[in-house]
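The structure appears right after this line, and notes come after that.
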Amino acid sequence: MRGLSAAFTTDFIISFIVVAVILIMLALIINLYSELSTLKARYKKMMSGAEGTSLEQMLAAHTTEVNQAVAEYKRVQGQVDMIEEMVRSSLARVSVIHFDAFEKTGQGLSWCVAILDRNNNGVVFSSICGNEAERSYVKPIESGHVASGYKLTKEEEQALRQAMSR
C-alpha cells in the first residue's frame with residue numbers, strides 16, 4: 001500500500017500543478033483578451049477621427065491644405081518680389097541745395113535738387129536765378145553718374161552726393 005499511496009500522492013501533486021498552470025494560463029488569456037479589447041476600442045476611436053472621418057481622410061485633407069498654403073506662399077512671394085523691385089525703382093533719395101549763382105544777388109534764390117531711386121538712377125533739377133532772368137535745367141543720372149553729354153556744376157555734384165548718401 002505504501003507504494004500505491006506514494007504513486008497516488010505523486011499523481012495528485014502533478015495533477016494539481018497541471019491544473020494550477022492551466023488556471024494561471026487561463027487568467028493570463030482573459031487578461032490579454034481584455035487588453036486587446038481595450039486596444040481595439042482605442043484603435044477604432046483613433047481611426048474614426050473627428051466628425052466621423054478616418055485618420056486617412058484627415059491626413060489627405062491636411063495634405064491638400066498644406067499644398068494650397070505652399071501655392072499661396074509662392075504667389076505672395078512673387079508679389080513681394082515685384083513690390084521690392086518697384087520700391088527699388090521708386091524715387092527715394094532726395095537732396096536740395098540752395099546757393100547764390102551770382103555774387104551780387106546774395107539771396108540764395110538758385111537751387112538744385114537731386115532725386116534718385118535706390119539704384120542711384122534719376123535726375124538733377126537746377127534753377128539759376130539772376131536779377132532779370134531765371135534758367136532751369138534737368139540732367140539725367142544713371143547709376144550715380146551724369147549721362148554722357150551733360151556736365152554737373154559743383155552744387156549739382158554736391159546735391160547728387162548728398163542724395164546718394166541717404
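Here, each number is a calculation from the coordinates, and none is a lab measurement. Note that the structure is a prediction, hence the values are computed from the model and not measured. Neighbour counts are summed over all protein chains in view; Cβ atoms, including those assigned to glycine, are modelled from backbone coordinates with ideal geometry.
Average projection, convex hull of the Cα set of the stretch 90-164: 4.8 square nanometres. Enter the angle in degrees (range 0 to 90, nearest 10) between the Cα long axis of helix 2-48 and the first principal axis of the Cα atoms of the chain, meaning the one along which they spread out most. The angle comes out at about 30 degrees.
A simple spin-label model places pseudo-atoms 7 Å from Cα toward Cβ; at Q68 and F102 they are separated by 7.3 nm. Here E157 and V76 are evaluated by their C-beta separation; at R0 = 35 Å the FRET efficiency comes out at 0.25.
Every Cα-Cα pair in the stretch 41-89 was counted, and those over 18 Å apart are 56% of them. Summary value for the chain: 14 percent relative contact order, contacts being C-alpha pairs under 8 angstrom separated by 6+ residues.
Ellipsoid semi-axes for the stretch 12-166, based on the Cα gyration tensor and the rule √(5λ), read 91, 17, 12 Å when sorted largest first.
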